[in-house]
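*Asks:* Structure provided below as structure tokens; questions to follow.
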Amino acid sequence: MLKVNLALALVLLACAMSVVSARHTARQLFVTLQQEQSRARELDIEWGRLLLEQSTWAMHTRVEVVARHQLQMSVPDPARIHLIRPAREEAR
């Protein structure tokens, strides 16, 4: 009877240790999950800022100002504009 009680106590101790280990691992994984979710939120915020910045840089008026002042580009005179129309395909 003593051997059976000792064996059951050892099994109980092993089960208790495995439960403690599993809960500790679960807590570590939960903390890691929260950290990654926080990082994902930060990246979403940064993505939104980058989209806003991209739309600002690509605005037509900004592009026109840069083209006129920095690149010194201008709209050509209408007399210098030539339209080239594609040749019409022959009917089959």
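Every read-out reported here was derived from the displayed coordinates using simple, explicitly stated rules and does not represent laboratory data. Just so you know, these numbers come straight off a predicted model, no measurement behind them. Cβ: placed from backbone, ideal geometry, glycine included. Neighbour counts: every protein chain shown.
*Asks:* 7 Å from Cα along Cα→Cβ at both Gln37 and Gln72: what's the point-to-point distance in nm?
*Replies:* 5.9
*Asks:* Karplus couplings for the range 66-78 from phi (6.51 cos²θ - 1.76 cosθ + 1.60, θ = phi - 60°), rounded to Hz, Gly and Pro as x?
*Replies:* 3J(HN,Hα) across the range 66-78, in whole Hz: 5, 5, 6, 8, 7, 8, 6, 9, 8, 6, x, 5, x.
*Asks:* Let's test the formula: R0 of 30 Å, r as the Cβ-Cβ distance of Met1 and Ala26. What FRET efficiency results, to the nearest 0.05?
*Replies:* Details: r = 37 Å, r/R0 = 1.23.
Approximately 0.20, to the nearest 0.05.
*Asks:* What FRET efficiency do you get for Arg80 and Ser55 if R0 is 25 Å and r is their Cβ-Cβ distance, rounded to the nearest 0.05?
*Replies:* Values: r = 33 Å, r/R0 = 1.32.
Once rounded, the FRET efficiency stands at 0.15.
*Asks:* Continuing with the same structure: Work out, step by step, the length gained on full extension between Leu13 and Glu64: first 0.36 nm times the residue separation, then minus their alpha carbon distance; give nm to one decimal.
*Replies:* 10.7 nm
*Asks:* Another question about this same structure. Taking θ = phi - 60°, what integer Hz values does the Karplus form 6.51 cos²θ - 1.76 cosθ + 1.60 yield along the range 19-25, in sequence order, with x for Gly and Pro?
*Replies:* Going residue by residue, I get 5, 4, 5, 5, 5, 5, 5 Hz, with x marking Gly and Pro.
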